Amino acid sequence: MPDIPYDVWECVASYIPDEYLKELYSLNSAFFHASMAARYRTIKLERYTNLKVIEHLRESEISELVRRIEFHHRCLPARIIAGIMKAQFSAMSEMLPCLSNMQDISVFWGAVKVPVEFFSTLWNVFGTNLKKLAIDAPLPKLIHILASHPTFLSLEDLELVIHEGENIVTQDGALDGGYIHGCFSPTIRRFKVSSEYLDLSNIFNLLPRFIDLEVLHVAMATLSDPAGFANILIQHAHTLKDVVLMEIPLTKQLDQWMKHFFDDYVNKHTLPLSNLQSLNLIPAHLPFNVLEPCLRRSSDTLTSLTLLNNRLTYDQLEEVVTIFSHAQLLKKLHVYVFTITPETFDLMASQLSGLARLILIYSDIIGSSGSAHLNISHHSQLQQCKLLGREVSQKRYLQWKLQDITVSQRPKGIQSGLREWSVMTAVAKATPSIRSFAGQGNMEVPEEYHHICFDEVRC
């Protein structure tokens, strides 16, 4: 049998996930090089990282493999902060110039003192070539991390997670964003920012006009001046493809910035969102009549839609489905509904035949037909699931191209139990195209539910 060429082995290795590839270094030379690349592609430096590891990264055959570096420094015991920090960051400062191919930096910082000189060196070495930067830190630490006012000339991906801190606002109550102005390179294509406490209005006022901004993800508790944020959406209406807006409840008295923003800008001034492909809205409270005009303007381009926190009645769900039925472009739908009934799946299958992935978060399940307009049942949920399973499994959604279905009662950390698995298996029985449950890539049902689910739908 002839030897398999090196480039063929390289091709094979490219399809193997890094976590497995790392252990295959002994197979042959192709897998050795692929394994080393997988091992050193991402370097994670933590509070107790051994100095020998840092020294090892200075070796040329290793350093050239590094593409991403993560700094995880959340906390250190007070008695050892000074010694570890000084030795560790001194070694890392000497190591940085060796990482000639590194383009991705993530910083996760906590209460540990920020070594300003180290970060100044870091930005001087990589500032011009850095493609991706993510910082997760309290605001005072973020200010120190960026104290040297770096300029990132080639940055394409910027993610900021800003926690609370002292001296965080200007006199008018808005967050002072001047310290991160240098991060906003015109080359940024993906910008994500979130804060559970701070008013981000001034940050949006500082943003320049980006050349090709495609992704904008925002999660915030309050927005005192929405004009800057609206201007960003207007300026980049022709390039934005993916927008996520999440409203974080700050206190029991909600700010409701998203409702005000939609009322005053999205709808009143018909803010253009006409080229979006993915829209993810997670408001604290947003009446459906405020949301509906935005959906209509995006219906000719959206392929992915997520609507969470606001539970939809059947009539509202029907309205959403009708809006997107004419273009038949929607491939993923993730919604929160009051109830799941047999009519829910009849509606989806008939109006969104091209839908590939469906995620239903629900409050209640009503198993019998004719109950679509009820928002609560008075019977046990398990009994309702059995009724729904029997009825739906007898249907045939032959034209529906659905490939993956998820059903869950939890909006966060989606989990499925007996009720959810019984519904999913019933829908799979009726829909030949389904190949996966709950985004797991297969149709495996947990063993403890297997006989119950499949006995109920007689698969």
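The values are calculated or read from the model by the stated rules, or taken from the named source; none is laboratory data. Nothing here was measured: the structure is a model prediction, and the numbers come from that model. Ideal geometry is used to build each Cβ from the backbone, glycine not excepted, and the neighbour counts take in all protein chains shown.
Suppose the filter is among the acidic types (Asp, Glu), at pLDDT 85 or above and surrounded by 17 or more Cβ atoms within 10 Å (Cβ to Cβ); does residue 247 pass it? It is true that residue 247 is among the acidic types (Asp, Glu), at pLDDT 85 or above and surrounded by 17 or more Cβ atoms within 10 Å (Cβ to Cβ).
Select from the stretch 189-247 the residues that are part of a strand (DSSP E or B) and of a type in the set (D, E, K, R) and list them in ascending order. Steps first, please.
Narrowing the stretch 189-247 to residues part of a strand (DSSP E or B): 190-199, 215-222, 242-247.
Matches in the stretch 189-247: 190, 192, 196, 199, 242, 247.
Residues of the stretch 105-137 being within 27 Å of the chain's Cα centre (by Cα), surrounded by fewer than 18 Cβ atoms within 10 Å (Cβ to Cβ) and aliphatic (A, V, I, L, M), which ones? 111, 134 - these are the residues of the stretch 105-137 that are within 27 Å of the chain's Cα centre (by Cα), surrounded by fewer than 18 Cβ atoms within 10 Å (Cβ to Cβ) and aliphatic (A, V, I, L, M). Hey, among the residues in the stretch 250-293 that are hydrophobic (A, V, I, L, M, F, W, C) and part of a loop (DSSP other than H, G, I, E, B), which one's modelled with the highest pLDDT? Ranking the candidates gives 276 first.
Hey, among the residues in the stretch 313-322 that are of a type outside the set (Ser, Thr, Tyr) and crowded, with 19+ Cβ neighbours inside 10 Å, which one's nearest to residue 343 (Cα to Cα)? Ranking the candidates gives 317 first.
Each row is one residue, and each column tells you yes or no for (1) over 24 Å from residue 423 (Cα atoms); (2) of a type outside the set (S, T, N, Q); (3) out of contact with any Ser or Thr (no Cβ under 7 Å at 6 or more places or on another chain).
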{"site": "298", "(1), (2), (3)": "yes, no, no"}
{"site": "316", "(1), (2), (3)": "no, no, yes"}
{"site": "323", "(1), (2), (3)": "yes, yes, no"}
{"site": "331", "(1), (2), (3)": "no, yes, no"}
{"site": "352", "(1), (2), (3)": "no, yes, no"}
{"site": "361", "(1), (2), (3)": "no, yes, no"}
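With respect to the stated conditions, residue 120 fails to be at pLDDT 85 or above and in a strand (DSSP E or B). On the given criteria, is residue 262 of a type in the set (Phe, Trp, Tyr), out of contact with any Pro (no Cβ under 8 Å at 6 or more places or on another chain) and within 20 Å of residue 217 (Cβ to Cβ)? In short, yes.
Across the stretch 328-347, the qualifying residues are those that are surrounded by fewer than 17 Cβ atoms within 10 Å (Cβ to Cβ) and under 26 Å from the mean Cα position of the chain (by Cα), and the one among them that is farthest from residue 219 (Cα to Cα) is 328. For the criterion of being at pLDDT 80 or above, under 23 Å from residue 445 (Cβ atoms) and not in a helix (DSSP H, G or I), residue 387 fails. Scanning the stretch 352-366 for residues that are within 15 Å of residue 334 (Cα to Cα) and in a strand (DSSP E or B) yields 357, 358, 359, 360, 361, 362, 363. Among the residues of the stretch 348-364, is any in contact with a helix residue (DSSP H, G or I) (Cβ under 8 Å, 6 or more places away or on another chain) and either more than 20 Å from residue 434 (Cα to Cα) or in the same structural domain as residue 266 (by TED's automatic domain parsing) (or both)? For the stretch 348-364, residues in contact with a helix residue (DSSP H, G or I) (Cβ under 8 Å, 6 or more places away or on another chain) and either more than 20 Å from residue 434 (Cα to Cα) or in the same structural domain as residue 266 (by TED's automatic domain parsing) (or both): present.
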